[in-house]
Amino acid sequence: MPELDEIIHQPVRLRLMAALVAIKSGESAEFTLLRDMLGVTDGNLGAHLHRLEEAGYIAIEKKFVDRKPRSFISATEAGRKVFRNQVAALEQIIRGSTGGKGRK
Amino acid sequence: MEISPSEAEKTMASIREAEDQMRKTLGASGGAYQIIIWGVIMVIGYTLNQFADKLGVVLVAVPWIVMSVVGNILCAVISFRMGRKFHHPMAARIGFLWAVFVLFGLIGAIFIHPTDPREINLLIYLLVMLWLAVMGLWVRLPLLWISLAVTGLLVFGYFVLPDYFFLWLAIVGGGTMIGSGLLLLSGRG
């Protein structure tokens, strides 16, 4: 039975993962695109990205675009799997079959 | 950690919203604007072609040249801007592939040497559709289905409606491209 993952359950991180999983594997989205999409500050997004990167759910790649450094973020396979499990767990809670219990 | 079903529903709604938002952005980055631009150019250009006898060569050729130049510039600017938002491992190859297709198209035209305007335009269209099909396989699968659908319709028009083929290219070819671009922009493509 899928369990809730506390790391990505945080609202911004969950929306971030949802956005990244919507991109095909191997593709990545630029930092400012995600910042604008989520409506968060640079610092806030940076902290959430750091947390997700530490957990191995995302990968951050620095590239030079127009001679400026830019960060491109993608969901890792582990991150995609955790996200799928999270969605499955949420759907089970909605159906009332899990009792809302998840991993601490 | 425990959450209620209503909290879970709210969370799922925010997930769907984020996914939808990203799909729409991806649609815009996946060639939607470029497809719409060329769709509009084809609607105008081929409508002029259909009435070339009445309009004369200049009134057909000049708009085509202007629209092609403007279209290429607009597409290049859009691709450049979108390339800043997403990174695709195939991005450089996609641009290079377009140049290769144009080169092979020119070489092919020298040897095959089509003289019928309908054949020439169908060949150009097929080359664009082949490129779009490859884009579909590499980048966004919906582009492959769009390419196959438009190609099928164009071949149908070539054989079944020879007298109205340019109008067919304008309405079916250009119209399908505009509709497909809008579909990609909506995030459903």
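The values are calculated or read from the model by the stated rules, or taken from the named source; none is laboratory data. Model, not experiment: these values are computed from the prediction. Every residue, glycine among them, receives a Cβ derived from its backbone with ideal geometry; neighbour counts consider all protein chains shown.
Determine whether B:M22 is in contact with an Asp or Glu (Cβ under 8 Å, 6 or more places away or on another chain) and farther than 30 Å from B:G157 by Cα.
In short, no.
Test B:L153 against the criterion of being under 17 Å from the mean Cα position of the chain (by Cα) and under 21 Å from B:N49 (Cβ atoms), and give yes or no.
yes
Whether any residue in the stretch A:15-33 is farther than 25 Å from B:F80 by Cα, more than 10 Å from chain B (Cβ to nearest Cβ) and in a helix (DSSP H, G or I) is what I want to check.
No, the conditions are met nowhere in the stretch A:15-33.
Count, please, the residues in the stretch B:4-17 that happen to be more than 33 Å from the chain's Cα centre (by Cα) and either more than 7 Å from chain A (Cβ to nearest Cβ) or farther than 27 Å from A:I23 by Cβ (or both).
Number of matching residues: 5.
Go through (1) more than 10 Å from chain A (Cβ to nearest Cβ); (2) modelled with pLDDT under 90; (3) surrounded by fewer than 17 Cβ atoms within 10 Å (Cβ to Cβ) and name the single condition B:G31 misses.
With (1) more than 10 Å from chain A (Cβ to nearest Cβ); (2) modelled with pLDDT under 90; (3) surrounded by fewer than 17 Cβ atoms within 10 Å (Cβ to Cβ) applied to B:G31, the lone miss is (3).
Does at least one position in the stretch B:68-78 carry a residue that is within 14 Å of chain A (Cβ to nearest Cβ) and surrounded by 15 or more Cβ atoms within 10 Å (Cβ to Cβ)?
Scanning the stretch B:68-78, I find no residue that is within 14 Å of chain A (Cβ to nearest Cβ) and surrounded by 15 or more Cβ atoms within 10 Å (Cβ to Cβ), so the answer is no.
Which residues, taken from the stretch A:34-58, are within 13 Å of chain B (Cβ to nearest Cβ) and in a loop (DSSP other than H, G, I, E, B)?
A:G39, A:V40
With respect to A:I8, is the statement that it is modelled with pLDDT under 95, over 13 Å from the mean Cα position of the chain (by Cα) and part of a helix (DSSP H, G or I) true?
No.
For the stretch B:83-105, indicate whether the set of residues that are within 14 Å of chain A (Cβ to nearest Cβ), within 17 Å of the chain's Cα centre (by Cα) and either crowded, with 16+ Cβ neighbours inside 10 Å or at pLDDT 85 or above (or both) is non-empty.
Yes, the stretch B:83-105 has at least one match.
Go through the stretch A:48-68 and count every residue that is in contact with a helix residue (DSSP H, G or I) (Cβ under 9 Å, 6 or more places away or on another chain) and surrounded by 14 or more Cβ atoms within 10 Å (Cβ to Cβ).
Result for the stretch A:48-68: 10.
Provide a single number: the residues in the stretch B:143-175 that are in contact with a helix residue (DSSP H, G or I) (Cβ under 9 Å, 6 or more places away or on another chain) and either acidic (D, E) or surrounded by fewer than 19 Cβ atoms within 10 Å (Cβ to Cβ) (or both).
Matching residues across the stretch B:143-175 total 15.
Scan the stretch A:59-76 for residues that are facing chain B (nearest Cβ under 8 Å), assigned to a strand (DSSP E or B) and more than 11 Å from A:A29 (Cα to Cα) and report the count.
2
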